Each structure stands twice: as C-alpha cells, then as structure tokens.
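Here the structure comes first, spelled out in structure tokens, and everything after it is commentary.
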Amino acid sequence: MDSFGGALGGGDPKSQIMRQVQQEAAMQNARMLVEKLNEHCFDRCVPKPGASLSKGEEGCFTACMEKYMSAWNTVSKTYVARIQKESQSGAALSNTF
Amino acid sequence: MSGPLANVDVSKLSDRDKQELQQFVVNESQKARIQSSIHSLTDVCFKKCIPAGGVKNGKLDKYEEPCVRQCVDRFLDANLVVLRELERLRG
C-alpha cells in the first residue's frame, strides 16, 4: 500500500483520514471484545458477588479471558475461511451475514 | 469524536484522492461488518461450547476447539436454511 508510510507520519489529509478511520475501527473492535469478555467471564467467575473479588475469582477471570480470546481467534479463522470458500463457489452468504 | 479529522478540509482533496478514500471506506466497512459478525459468533459459540461454571484453564481443550469451529460452520448453515426458506415462501 503506497499510503502506508504517509499514514504513519501524519502528512497529507488523505492519510490522516485513513489513519483516523482505522483507529476508530480498531477502537470499536477492542471495545466490543472487552464488553463481551467481561459479560461472559463475570457471569461464569462471579456467580455470587461478595465484598471483594476473591483470589479464586481473579484466577477464573484470567483463565476465562484467555479462553474467550482463543475462541475469538478460532471463530475468526473459521469464519474467514468460510467466507473465502463461499465467495469462490459463488454463494451469497458473505453478503447476508 | 474530536480527532484530527476536524482539521482536514475535504474539499481540498483531489478527485483521485477522493476516489481512493471512497474505496478505502468501502473496504473498511466490509472489514468492520465481518468483525462484528465474528464478535456475535464468538458470543454464541462460547456459550454453547464452554461448559457453564468457572473456568480453570485458559486454553481451549480438545473438545472445545472443534466445538467452536463446528458451531461457526453450523450457525452459517442454519443461516442459509433460513434464507432459502424465506426465498421459497416469497417465490
């Protein structure tokens, strides 16, 4: 990509816009991951909220986070592979979901 | 968002730059849609494949990993069934 150097350095308006769009997308992605992660792991690791987060709950959270992110990566790989397969065979799935 | 975009005068862009930006935004939107699907699929499949209750190990074990993969593929199959059925009802 010829605009990559410019996008890093700031420079012209076009690269500025591109960089901003990419940053927003990355931010949105991270926000979504944190939200889902917290939702699932809180549900599993803190069934009955006590006066403070116990050591056990914290350990559960760390493991749960790692597992959720592994699941995210597996889903990502499987989904992208599927989209590629479908787009080669001409199915319209990637447009609908 | 009060980013650097506020300082960019879009009207000063050349036609070529505008065209390039338009294509860029189309591509980025496509990527964002795919990522959003990945989030909702992970949501569904984590619930289905990781047994309820506390989590002891951070790695996906030998049952969970294939379960997540199959969950994604079957969800998309199911999605296709729905679309096909709707198509049939309409036609």
**Kirkwood hydrodynamic radius (C-alpha pairs) into Stokes-Einstein, the range B:1-90, 37 °C and 0.692 mPa s, D in µm²/s** = 188
**Asked** How big is the Rg/Rh ratio for the protein assembly as shown, C-alpha atoms only, Rh by Kirkwood, two decimals?
**Response** 1.07
**Asked** Say R0 is 30 Å: what FRET efficiency, to the nearest 0.05, do residue A:66 and residue A:22 get from their beta-carbon distance?
**Response** 0.70
**Request:** Go through the range B:43-91 and name the trypsin sites (Lys or Arg not before Pro) that are in a DSSP coil and have 16 or fewer other Cβ atoms within 10 Å of their Cβ.
**Result:** B:56, B:59, B:62
**Request:** Just name one of A:78, A:59, A:40: the one whose Cα is farthest towards the positive end of the charge dipole of the range A:14-91 (beta-carbon charges, Lys/Arg +1, Asp/Glu -1).
**Result:** A:78
**Item:** Translational diffusion coefficient (Stokes-Einstein; Kirkwood radius from C-alpha pairs) of the range B:46-91 at 20 °C, 1.002 mPa s, in µm²/s
**Value:** 170
**Asked** Residues of the range B:35-75 with amide nitrogen under 16 Å from the 7 Å Cα-to-Cβ point of residue A:85?
**Response** B:66-75
**Prompt:** Can you give the charge dipole size of the protein assembly as shown about its Cα centre, rounded to the nearest 20 debye, using +1 on the beta carbon of Lys and Arg and -1 on the beta carbon of Asp and Glu?
**Reply:** 500
**Prompt:** With point charges of +1 on the Cβ of Lys and Arg and -1 on the Cβ of Asp and Glu, referenced to the Cα centre of chain B, which listed residue (B:23, B:66, B:80) lies farthest in the positive direction of the dipole?
**Reply:** B:66
**Prompt:** Tell me which lysines have Cα within less than 24 Å of residue B:48's Cα, excluding those fewer than 8 residues away on the same chain?
**Reply:** A:36, A:48, A:67, A:77, B:56, B:59, B:62
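FYI, it's all coordinate maths here, none of it is from the lab. It should be emphasised that the depicted structure is a prediction, and the values quoted were computed from it without experimental measurement. Cβ coordinates were reconstructed from backbone atoms using ideal geometry, including for glycine residues, and neighbour counts include every protein chain displayed.
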